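Single-structure report; data block below.
The values are calculated or read from the model by the stated rules, or taken from the named source; none is laboratory data. Since the model is a prediction, treat every value here as computed from it, not as a measurement. Ideal geometry is used to build each Cβ from the backbone, glycine not excepted, and the neighbour counts take in all protein chains shown.
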Amino acid sequence: MTLTAPAPAPVRTAPPPAARRGAAPWLVLAGCVLVAVARLRGEALLQTWSTVALAVVLQALPFLVLGVLLSGAVAAFVPPGLLPRLVPRRPALAVPMAGVLGLALPGCECSSVPVAGRLIGAGAPQAAALTFMLAAPAINPVVVVATAVAFPGQPEVPTGRVLASLLAAVTVGLLWARFGRQVTLCGVHEHHHGGARLSALRAALVEDFAAAAGWLVLGGATAATLQVLVPRSLLDGVAASPVAAVLVLAALAVLLAVCSEADAFVAAGLTQFSLTSRLVFLTVGPMVDVKLLALQVGTFGRGFVLRFAPLVLGCAVLSGFVVGTVLL
């Protein structure tokens, strides 16, 4: 269905928010944790901590690199007006189609926010653009394959991730189309430097990898810290309560902000927790976390985030819990 989109709205180019420029403060915190482990628990547990953290990072790194490469290629070579022409104007049709398009177009959370801003500026239905922003980082092929590798012999986990994430994204999109306010763009950071596509690709790769790698290291460090410093009895007690486990891992997903190409390896290391609670972790993380909140404030404004983030969080937790209970 081919439609003529209205002229793109003027969008002011803004520098990337601080959250996009990496996780340096959090890496300093991870270093402090490392020192604390060495002082409090001795060299043996320090070696265990470093082994677990390094294993998480090394397992996830190839998928992170592949995801960054594909995401940068999309940012540099896919025309911004393409997606608006692929979706119909009616939200009831546009929202599910935008969610399904996330299966085909890889992109990390960091790139999905400015892409959604560009789609809205190019005339795409706003609810459809927001649905694509939520779905693409969670259900694209790189993420699905990475999840399957992180949970070998458990095909229900990547299947559940796709179903839960798509359900949450489409639900948010439909609710926003019905009850949400008009989105006003505050600024969109573009991957364009000097107008050359190869320059844009190179810049996208450097920026995305620098940001995502820092959060991956933080995620590995946190998973290792939970295994080494937190008493096993405490973790077992939280994990034994289905409600507490879901809420704790949802909060952890928001705070850790691990890139979606790598978060499955962090979840796989949280062995005390049920698959359902870990599915909630995998559903929430790519849709709402601390770095995404900063990016969305810079692109859509604080008022939008105050309304949108609670809706996304509620839908993601509920969707992950329901799909996990039924499928896992």
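Assorted remarks:
Here is a yes/no grid of residues against (1) part of a helix (DSSP H, G or I); (2) touching a His at 6+ places or on another chain (Cβ under 6 Å); (3) over 25 Å from Leu311 (Cβ atoms):
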position	(1), (2), (3)
Leu119	yes, no, no
Ala124	no, no, no
Leu130	yes, no, no
Met133	yes, no, no
Ala138	yes, no, no
Ala148	yes, no, yes
Gln154	no, no, yes
Pro158	yes, no, yes
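- Of the residues Ala294, Ala253, Ala264, Ala309, the single one that is surrounded by fewer than 20 Cβ atoms within 10 Å (Cβ to Cβ), under 15 Å from the mean Cα position of the chain (by Cα) and within 17 Å of Ala135 (Cβ to Cβ) is Ala309.
- Thr283 vs. criteria surrounded by 24 or more Cβ atoms within 10 Å (Cβ to Cβ), in contact with a Ser or Thr (Cβ under 7 Å, 6 or more places away or on another chain) and either within 18 Å of Met133 (Cα to Cα) or of a type in the set (Asp, Glu) (or both): yes
- All positions within segment 218-250 that are buried (at least 21 other Cβ atoms within 10 Å of the Cβ) and under 18 Å from the mean Cα position of the chain (by Cα): Leu218, Gly219, Gly220, Thr222, Ala223, Val246, Leu249, Ala250
- Counted as qualifying within segment 216-296 are the helices (runs of 4 or more DSSP H) with 1 or more residues that are over 22 Å from Thr51 (Cα atoms) and not hydroxyl-bearing (Ser, Thr, Tyr), namely 232-240, 242-256, 275-284.
- Set side by side, the residues Pro137, Pro125, Pro114, Pro141 differ, and just one is touching a Cys at 6+ places or on another chain (Cβ under 6 Å) and either more than 16 Å from Leu66 (Cα to Cα) or at pLDDT 80 or above (or both), which is Pro137.
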